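Asks: Below are the structure tokens for one structure; questions will follow.
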Amino acid sequence: MDHRETRGRDGNAYGRGPQHHDPVITEVGPGTPCGELMRRYWHPVALSANVNERPQNTRILGEDLVLFRDKKGRPGLLYPRCAHRGTTLYYGKVEDEGIRCCYHGWLFDVQGHCLDQPCEPEGGLHKDKVRQPWYPVQELYGLVWAYMGPPDKKPVLPRWDTLEGIGPGEKIFATGSAFGAGGDETQEIVPCNWLQDWENVMDPFHIPILHTSFSGVQFVPEMGVMPQVTWDYAETGMRYTAYRKLDDGREMDRVTLALFPHVRIVPNVQLKAGPADSIGWVLPVDDTHFRLFHAMRVPESFELRIPLGDRKKWSTMTEEERQRFPGDWEAQTGQGPISLHSEENLATSDKGVVMLRRLLKQQIKLVQGGGDPLGVNFDPAEAVVKVEAGNFYKYGYFYQVAATAGQGKPNA
Ligand code: FES
Ligand SMILES: [Fe+2]
């Protein structure tokens, strides 16, 4: 029986068929369709400030890796099992030239070259035959980025116009905490599939419900106005424009982007006018966990304060408070480790989610057919991405002029 077929059993829960997630758009391990799409892009994997001479275990796209910074300052991302007899480099010691395995002292640089084998004659006559598996990394915007795909398909690391040309009195603030997913700075990893967060970016209708009614007013009361939404495809992903007519007569368009493979560009949630000033990335840790990274353009004096509105900080809430005032964390992890797509009933307000999944499937197919997916660029001259997201007040100029003249409302 079709799982949605409730006639005959009157919607009774007994006898429901088994349900499943869509593996094609959710699973990210090596060799999976979506994993291979993901492996065509650079991913933020850590805050630069947190990568140091102490090796750390990390999991990215379902692969366990070890991350460190050698004493010359170069970050390295290596397969953890030592190429000799397999103990983990997590217990290794960082030196000027790389990381030395604790067991028999083989030394590997950040590109996996074996530089020394102290137990072998003359420090290893055949050491150049050994290579520790490695991934290329770069640093930009206070983040360490990794490329885990085919070497001949390595694209240029994108730059974002929002984050370029930082002037005096400004800085870039990078964070890897879960505040953008309803958590706070005490968590980094959110226990559900990455797509549950990324597709949420194309779901403006949860804002008046979840963030304004259920959570209390988490952002500003104006977010409670039910928007009129249009979704369309952008150059390297998707966008929605949510139009709201506010009680004070102002009208605004809120333009939000979801770009490939997992970029989220969400304008200021206090509805501050102007272009979006931060870029976010939803890094799949594995099939059932993700991490968020953000880089923001902020004044020099900026310190991160999570917009809480009526809510308490997530880590200080009791289980009962989370039930009474749920936010993104509860809604997204509440869909399960990987949502069961077979039992969804998608409606008109899910158009953005449907369009995004469709585009994701197309791009996966494109990669399977040998093509280069959206947003991948090989020309350094084209590295800067123009970001067209923000809160745009209609007649903003009129309101500004009117306000100066002492009449009407100022532009926010
Ligand atoms: S296991 Fe690493 S050097 Fe022997
Ligand atoms: Fe949300």
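Readers should treat all values here as calculations from the given coordinates under stated rules, not as data from a laboratory. Being a predicted model, the structure only gives us computed values, none of them experimental. A quick note on method: Cβ atoms are made from the backbone with ideal geometry, for glycine too, and the neighbour counts reach across all protein chains shown.
Asks: For the chain, what does -39500 (n - 2.57) per DSSP helix run (n ≥ 4), summed and divided by total residues, give at 222 nm, in deg cm²/dmol to the nearest 500?
Replies: Helices in the chain give a 222 nm mean residue ellipticity of -3500 deg cm²/dmol.
Asks: Report, to two decimal places, the Cα Rg of segment 48-138 normalised by 2.2 N^0.38 Å (N = number of residues). Don't skip to the end; give the middle numbers.
Replies: Values: Rg = 12.2 Å, N = 91, 2.2 N^0.38 = 12.2 Å.
Dividing the Cα radius of gyration by 2.2 N^0.38 Å gives 1.00.
Asks: Over all pairs of distinct alpha carbons, what does the Kirkwood formula give as the hydrodynamic radius of segment 119-248, in Å?
Replies: Final number for the Kirkwood radius of segment 119-248 is 19.9 Å.
Asks: Please list the equivalent ellipsoid semi-axes of segment 155-401, computed as the square roots of five times the alpha-carbon gyration tensor eigenvalues, in descending order and whole angstrom. Please list the in-between numbers first.
Replies: Details: eigenvalues 130, 117, 81 Å².
Each semi-axis is the square root of five times an eigenvalue, giving 26, 24, 20 Å.
Asks: Same structure, new question: If the convex hull of the alpha-carbon atoms of segment 274-389 is projected onto planes in all directions, what is the mean projected area in square nanometres?
Replies: Its average projected convex-hull area is 11.9 nm².
Asks: Could I ask something else about it? Which one, 74, 16, 324, has the greatest fluctuation when you compute a Gaussian network model over the chain with C-alpha springs under 10 angstrom?
Replies: 16
Asks: Towards the positive end of the charge dipole of the chain, with charges on Cβ (+1 Lys, Arg; -1 Asp, Glu), say which of 217, 378, 249 has the farthest Cα.
Replies: Result: 249.
Asks: Taking the Cα centre of the chain as origin, sum charge times position over the Cβ atoms of Lys and Arg (+1) and Asp and Glu (-1), and report the length of that vector in debye to the nearest 20. Don't skip to the end; give the middle numbers.
Replies: Numbers: 46 positive and 54 negative charges, 33 e Å.
Charge dipole, the chain, about its Cα centre: 160 debye, nearest 20.
Asks: Let me ask you something else. Which of 171/361; 127/153; 245/361 have a Cα-Cα distance over 30 Å?
Replies: Among 171/361; 127/153; 245/361, the Cα-Cα distance tops 30 Å for 171/361; 245/361.
Asks: Run down the lysines and flag those whose C-alpha is under 25 Å from the C-alpha of residue 312, throwing out any fewer than 8 positions away in its chain.
Replies: 272
Asks: Using only the alpha-carbon atoms, how far is helix 351-368 inclined from the longest principal axis of the chain? Give it as 0 to 90 degrees, nearest 10.
Replies: Taking the Cα atoms of the chain, the angle to 351-368 is about 30 degrees.
Asks: Projecting each Cα onto the charge dipole of segment 155-401 (Lys/Arg +1, Asp/Glu -1 at the beta carbon, about the Cα centre), which of 306, 160, 292 comes out farthest on the positive side?
Replies: Result: 160, furthest along the dipole toward the positive end.
Asks: Sticking with this structure for a sec: Any chance you could check the Cα centroid distance between segment 18-72 and segment 330-381 for me, in angstrom?
Replies: 18 Å
Asks: Let me ask something else. Just order 245-254, 284-293, 363-372 by mean Cβ neighbour count inside 10 Å, highest at the front, would you?
Replies: Going by the mean number of other Cβ atoms within 10 Å, highest first, we get 284-293, 245-254, 363-372.
Asks: Take each of the peptides 24-32, 260-268, 161-169, average the number of other beta-carbon atoms within 10 Å over its residues, and list them starting from the highest. Intermediate results must be reported in sequence, preceding the final value.
Replies: Details: 24-32: 18.0, 260-268: 23.0, 161-169: 12.3.
With the highest mean Cβ count within 10 Å placed first, the list reads 260-268, 24-32, 161-169.
Asks: To the nearest 20 Debye, how big is the dipole of segment 48-138 about its Cα centre, given +1 on the beta carbon of each Lys and Arg and -1 on that of each Asp and Glu?
Replies: Values: 13 positive and 12 negative charges, 48 e Å.
Dipole about the Cα centre, nearest 20: 220 debye.
Asks: Along the charge dipole of the chain, Cβ charges K/R +1 and D/E -1, which of 369, 62, 50 sits furthest on the positive end?
Replies: 369
Asks: How much of the pair distance distribution for the chain lies past 30 Å, counting alpha-carbon pairs only, in percent? Walk me through the numbers on the way to the answer.
Replies: Details: 41121 of 84666 pairs.
Value for the chain (Cα pairs over 30 Å): 49 percent.
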